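The values are calculated or read from the model by the stated rules, or taken from the named source; none is laboratory data. Keep in mind that this is a model prediction, so the values were computed, not measured. Quick reminder, even Gly has a Cβ in these numbers, built from the backbone with ideal geometry, and neighbours come from all protein chains shown.
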Amino acid sequence: MSLRLERDGAIGRILIDRPEKRNAFNQDMWEQFPVLLGAALIDRAIRVVVVQSSTSGIFCAGADISELMAHKDNAAWREANQAAINRTQHELARFAKPTIAFIDGDCVGGGCGIALACDIRIATAKSRIGITPAKLGLVYPLHDTKLLVDLVGPGQAKKMLYTGELLSAEEALRVGLIEIIDDNATSMARQIAANSAHSTHEIKGFVRRILDGQSDDDPETKRIFADAFTKPDFIEGTSAFLRKRKPEFK
């Protein structure tokens, strides 16, 4: 199995496990990814999802080019492939629970797209990150291009896309492509998982609204803000604060 979901307490891990192909995604993997997201969503014990490789030293080399070449003249397959990629990226970017991409090694093309669709990107110092369709005569999807522009701005996005260069972890951090350089994502994941799942869910939804163009409150966002004061997590959080103890959100 090239993808699988494992649970470690409150942390769900979607593991990319195709090391012989440097974790390049084939059609089956693009189709399987949303299924695993669905499984992580309905598992109430999972509060945060980490996307990472099962093998150290690699993250994802992108799409399986040999598979693309084998089907380059099959319009129906290409359409299905594009639909599967778009579905994975769209659902990951809008997944209800917090997500972290843990990048260890090369993160290229479609692999970078997966990282872009996560909420937070953590990379090891040896990682390299880039988007290389211009070197293959291909075009990066508009949805994924917007994710890139949202992170690094149009100038840096154009530089990455035009040149296809692989950025070091230090350069990726400098331009805002990743948030942290670290040897693991567990500490950050546990920190997020310890907080109110209601809070992180609604905050993530607000950020998505902003990224999709909303700039002012509407009746729904006002209701979400007001309703938080009536939730059990507010009672637990404030009680813990006043008693100087760690909250235990259910």
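Points to keep in mind about this one:
- Scan the range 160-180 for residues that are in a loop (DSSP other than H, G, I, E, B) and in contact with a helix residue (DSSP H, G or I) (Cβ under 7 Å, 6 or more places away or on another chain) and the total you get is 4.
- Odd one out for Asp183, checked against (1) acidic (Asp, Glu); (2) part of a loop (DSSP other than H, G, I, E, B); (3) free of Cβ contacts under 8 Å to residues at least 12 places away in the same chain: (3)
- Complete set of residues in the range 147-159 that are touching a helix residue (DSSP H, G or I) at 6+ places or on another chain (Cβ under 7 Å) and without any contact (Cβ under 8 Å) to a residue 60 or more places away in the chain: Leu147, Leu148, Val149, Leu151, Val152, Gln156, Ala157
- The combined condition, being in contact (Cβ under 8 Å) with a residue 12 or more places away in the chain and crowded, with 17+ Cβ neighbours inside 10 Å, is fulfilled by Arg13.
- Which listed residue is surrounded by 15 or more Cβ atoms within 10 Å (Cβ to Cβ) and more than 22 Å from Ile129 (Cα to Cα), from Ala80, Ala61, Ala75, Ala24: Ala80
- Only listed residue being under 24 Å from Ala93 (Cβ atoms), in contact (Cβ under 8 Å) with a residue 24 or more places away in the chain, in the same structural domain as Val51 (by TED's automatic domain parsing) and surrounded by 14 or more Cβ atoms within 10 Å (Cβ to Cβ), chosen from Leu136, Leu167: Leu167
- Filter result for the condition that a residue is touching a strand residue (DSSP E or B) at 6+ places or on another chain (Cβ under 9 Å) and either free of Cβ contacts under 8 Å to residues at least 60 places away in the same chain or not charged (D, E, K, R) (or both), over Ala96, Ala117: Ala117
- Residue in the range 205-213 that is more than 26 Å from Gln82 (Cα to Cα), out of contact with any helix residue (DSSP H, G or I) (no Cβ under 9 Å at 6 or more places or on another chain), at pLDDT 95 or above and not basic (Lys, Arg) present: yes
- Some residue of the range 228-248 being in contact (Cβ under 8 Å) with a residue 24 or more places away in the chain, touching a His at 6+ places or on another chain (Cβ under 6 Å), within 28 Å of Ala101 (Cα to Cα) and outside the structural domain of Ile11 (by TED's automatic domain parsing): yes
- Residue pairs meeting the criteria (Cβ under 9 Å; at least 6 apart or on separate chains; first assigned by TED's automatic domain parsing to the domain that holds Asn23 and over 19 Å from Gly113 (Cβ atoms), in the range 67-86; second of a type in the set (Lys, Arg) and assigned to a helix (DSSP H, G or I)): His71/Arg78; Lys72/Arg78
- Scanning the range 192-240 for residues being of a type in the set (A, V, I, L, M), assigned to a helix (DSSP H, G or I), out of contact with any strand residue (DSSP E or B) (no Cβ under 9 Å at 6 or more places or on another chain) and farther than 15 Å from Phe95 by Cα gives a total of 6.
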